[in-house]
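Reading through the structure tokens given below for one structure.
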Amino acid sequence: MMFTPDVMQFLQTYGYFIMVPLMIIEGPIATLAAALLAAAGIFAWPIVLGLSIASDLIADVGFYYLGKRFGMKFIKGPGKYLGMTEKLVKSIEKHFDKHGGKTIFVAKSTTGLAQITFTTAGIIGMNFKRFIIYSFLGGILWSGFLVFVGYFYGYLWKEVGVYIKDIGIVIFILAFITFILINLFKHYESRKMFEDN
């Protein structure tokens, strides 16, 4: 994993500041990329993990308050562009009756369903403290997994790259495919759980 001295200096000076907004907007991809760079020695993985958990929590609270403030108007308006539907909100809402905390925890590790689940939590007025606790616990697990995957592939990149030219692209693609496959599985399992209830 080769960087010019100027790029290294820039990343080490401003990387963490750039990382936070990227993680708020697109946490999983930004966390994977940051963990890859941590394996190269540019970032410290514990800081990457902490920022990932915190940034994710900020995004979760944002969706919670959108639901609390605007209710179904958000789902019918901007929410529909994020794949949110009234039918899915009602399915998730029913699930909240029995498994509110578990619902937040499970949905945390999915792309697409997470946003609508947190918005639904706001719409139905889930206890905010309880919401934060389960979101935080789910974040530790999900962000920890992403950092592990990113760091593992980054370490592989650093070690194998000494012997095989351009292996970095292959390893980056493998890391991305791993993330996509696991995310698709989690998305399927979560959607099935909501639809069954």
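What's the number of the condition Phe118 fails, among (1) modelled with pLDDT under 85; (2) in contact with an Asp or Glu (Cβ under 6 Å, 6 or more places away or on another chain)?
Failed condition: (1).
Kindly list the number of the only condition in (1) surrounded by 14 or more Cβ atoms within 10 Å (Cβ to Cβ); (2) of a type outside the set (A, V, I, L, M); (3) under 28 Å from Lys73 (Cα atoms); (4) at pLDDT 85 or above that fails for Thr110.
The failed condition is (4).
I need the full set of residues from region 67-100 which are at pLDDT 75 or above and aromatic (Phe, Trp, Tyr), in order please.
Phe70, Phe74
Restricting region 139-178 to residues that are touching a helix residue (DSSP H, G or I) at 6+ places or on another chain (Cβ under 6 Å) and aromatic (Phe, Trp, Tyr), which is modelled with the highest pLDDT?
Only one residue tops the list, namely Tyr151.
The values are calculated or read from the model by the stated rules, or taken from the named source; none is laboratory data. Predicted model, so just to flag it, every value in this text is computed and none were measured. In this analysis, Cβ positions are derived from the backbone assuming ideal geometry, glycine residues included, and neighbour counts consider all displayed protein chains.
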